[in-house]
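Chemist: What follows is a structure written as structure tokens; I'll ask about it next.
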Amino acid sequence: MKYIPKKIPEGINVTSRHPLLNFAYLLGTVVAVSIFIFVVLGFVAEWLVIRVSPETETQIGDMLVQPALDKEITDDKRIQYIEELLNSLLIPGETTRLPLQVHLINNDVINAAITVGGHVLVHTALLETVKSENELALVLGHELGHFQAHDPLKSLGRSLVFLTVSSILGVGMSQSGGLPKIIPLTSELTNLNYSRIQERAADIYGFNRVVKHYGHGGHSLDFFERLAKGESKLQKVSQYFLTHPLSQDRINDLNAEAAKQGWKMEEEVTPLPQWLHCSNMKPCEQAE
Amino acid sequence: MNNKKEKNVILTTLEGVPGQTIMEHYGLVQGSTIRAKHIGKDIMASFKNIVGGELKGYTELLQESRKEALERMVEQATELGANAVVNIRFSTSSVAQGVAELFAYGTAVKVES
Amino acid sequence: MDALVQILFFVVLLILGYFWGRYFEKRHYKSILRREKKTLNIPIVNFGAKQSLIDVQEAALFAGSVVISIDYFKMISAAFRNLVGGRVTVYESLLDRGRREALLRMKEDAIKWGANQILNVRLETATIGGSSGNNSGPGSIEVIAYGTGVK
Ligand SMILES: [Zn+2]
């Protein structure tokens, strides 16, 4: 038996495919599939979630709103004022599927939000910044629009889907290596993320109600205009910008809507009660 | 892994020792050692896990341990009065995180030329 | 902001892993090919129980082993592959390098001793756990090749 030395050719056990191409293919597939799953499940979740009974919604809402009520101010007449203003925006005889609860939060970030279960959160900084009742009414009307469209619930449903999909991805990944946790998942549940379409619908809804209430839309856009121009202390409104990407476009949209519907935009301003502007440092009773 | 210093016990993966005849069989002998990697090598290794390449520290550590396993197997064989171990096999298994068992086994025999 | 830093860190590691890993691999393959060519004249033969032992003077056990680490790029590629399924091509070269390196080390050791043949070679692969603390899968592989050198 004779031994004949021969060299084994390369590339039989090792695929000659370029590793970057391979990586791009994998990344593309994983991203595409997860986006697809996310979108499909997102729609399913939205469809399911608006069929949740009001009782269940209340329970979920009570659970989720707790952390936000850290600095809640109770027993203040500003709350009653906001509640009355909010209710006046409803068409007479109309009821919401849940009673709306107004919470006044001691916070110097200009913000207002509505959560699952009809909790309206109003930051004190917002009350210090608005200059007329019309402005405040539009902000509240906008939030009311979100509520009537089930937007907080839909957002929650999408967040749940997002959590599920990303944890499935995480489990798959952790087998070998593990990606960094790119998205802080826990905060995702309480974040309210609305699409532009939802924001626009809420804008129109709120604007409509403001016009119905005052008979005109005059001065209600002033607050948004001031924000868009950056007149207010910008660092403090950043939160509002984050959750509500406000732009001149939205103001233009609303002006266009007013023109289309023939709503009057140049009318008398409804003033705020004097004591609404008092800061939290000095109790409102003293300012009166 | 040379056999010279091990009291002339011949080690082989063959069924017998070339040029010699097996006179007596003493059965299976085995040597094992369980080792943990240490932290210094681990730091280097975690860096290497990013850029790739050979982990020389680990290679040496495992070679040393395997040698120990082999020595233990030879010790068993000499106790039995064997002068060769044939059909030697190695195996490695991780017992716990960062702990590995290195194992060598073969058949102890007495050979004569 | 925090997420951005994490993503940046991730991408930097990925790039670092890719270029360094590729550099090491290329260099390693170059050395493997050179040494394989040099040692090609020594045959490695595995044979069974029915074949009679060849007629030689001396026999000794030789073993060669190597621990090779994966790089970050390979690790992430494999993690994605874990979701998609199919051939993990990035690991193929890793194991190929390991086996050939281990065989070469055994061979070179045996040649130094004066072997003219290496018989009944066995190969074994084991995974060595990942970097400290987190048990994040295979950090590196160990390959051992062992056989009997005869002269
Ligand atoms: Zn909104």
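Chemist: Determine whether segment A:97-110 contains at least one residue that is out of contact with any strand residue (DSSP E or B) (no Cβ under 9 Å at 6 or more places or on another chain), open to solvent by less than 30 Å² (accessible area, probe 1.4 Å) and in contact (Cβ under 8 Å) with a residue 24 or more places away in the chain.
Modeler: Yes; the residues of segment A:97-110 include at least one that is out of contact with any strand residue (DSSP E or B) (no Cβ under 9 Å at 6 or more places or on another chain), open to solvent by less than 30 Å² (accessible area, probe 1.4 Å) and in contact (Cβ under 8 Å) with a residue 24 or more places away in the chain.
Chemist: In this structure, is C:A110 modelled with pLDDT of 90 or more, in contact with a Phe, Trp or Tyr (Cβ under 7 Å, 6 or more places away or on another chain) and more than 7 Å from every other protein chain (Cβ to nearest Cβ)?
Modeler: Criteria met by C:A110.
Chemist: Just to confirm my filter: which strands (runs of 3 or more DSSP E) fall fully inside segment B:21-113 and include at least 1 residues that are under 30 Å from C:K26 (Cα atoms) and under 12 Å from the mean Cα position of the chain (by Cα)?
Modeler: B:84-96
Chemist: Give segment A:64-80 a look and list any residue that's in a helix (DSSP H, G or I) and either open to solvent by less than 30 Å² (accessible area, probe 1.4 Å) or of a type in the set (A, V, I, L, M, F, W, C) (or both), or say none.
Modeler: A:L64, A:V65, A:A68, A:L69, A:R78, A:I79
Chemist: Out of all the residues in segment B:81-95, is one or more buried (at least 19 other Cβ atoms within 10 Å of the Cβ), of a type in the set (G, A, S) and farther than 18 Å from C:M106 by Cβ?
Modeler: For segment B:81-95, residues buried (at least 19 other Cβ atoms within 10 Å of the Cβ), of a type in the set (G, A, S) and farther than 18 Å from C:M106 by Cβ: present.
Chemist: Let me ask something additional. Scan segment A:35-51 for residues that are more than 12 Å from A:K154 (Cβ to Cβ) and either outside any helix (DSSP H, G or I) or at pLDDT 80 or above (or both) and jot them down.
Modeler: Correct list: A:I35, A:F36, A:I37, A:V39, A:V40, A:L41.
Chemist: If B:L62 satisfies all but one of (1) among the hydrophobic types (A, V, I, L, M, F, W, C); (2) facing chain C (nearest Cβ under 9 Å); (3) within 30 Å of B:E24 (Cα to Cα), what's the number of the condition it fails?
Modeler: (3)
Chemist: Which is within 11 Å of chain B (Cβ to nearest Cβ) and loosely packed, with under 15 Cβ neighbours inside 10 Å, of C:F47, C:F24?
Modeler: C:F47
Chemist: What is the one condition in (1) open to solvent by 10 Å² or more (accessible area, probe 1.4 Å); (2) within 30 Å of C:R22 (Cα to Cα) that B:V51 does not satisfy?
Modeler: (1)
Chemist: Moving on. With C:L95, C:L83, C:L123 as the choices, which residue is open to solvent by 20 Å² or more (accessible area, probe 1.4 Å), at pLDDT 90 or above and within 26 Å of C:W20 (Cα to Cα)?
Modeler: That would be C:L95, the only listed residue that is open to solvent by 20 Å² or more (accessible area, probe 1.4 Å), at pLDDT 90 or above and within 26 Å of C:W20 (Cα to Cα).
Chemist: Among the residues of segment C:44-95, which ones are in a helix (DSSP H, G or I) and within 18 Å of the chain's Cα centre (by Cα)?
Modeler: Selection gives C:Y72, C:F73, C:K74, C:M75, C:A78, C:T89, C:V90, C:Y91, C:E92, C:S93, C:L94, C:L95.
Chemist: Condition first: more than 24 Å from A:V211 (Cβ to Cβ), more than 16 Å from the ligand (Cβ to nearest atom), at pLDDT 80 or above and open to solvent by 50 Å² or more (accessible area, probe 1.4 Å). Now tell me which residues in segment A:128-163 satisfy that.
Modeler: A:E128, A:L160
Chemist: Going by the structure shown, is C:I68 open to solvent by less than 30 Å² (accessible area, probe 1.4 Å) and either within 30 Å of B:V74 (Cα to Cα) or more than 12 Å from chain B (Cβ to nearest Cβ) (or both)?
Modeler: Judged against the criteria, C:I68 is a match.
The values are calculated or read from the model by the stated rules, or taken from the named source; none is laboratory data. Values in this document were obtained by computation on a predicted structure and should not be read as measured data. Glycine gets a Cβ as well: all are built from the backbone with ideal geometry, and neighbour counts include every protein chain shown. Areas reflect the complete protein model, heavy atoms only, side chains present, ligands, DNA and RNA absent. Shrake-Rupley method; radii C 1.70, N 1.55, O 1.52, S 1.80 Å.
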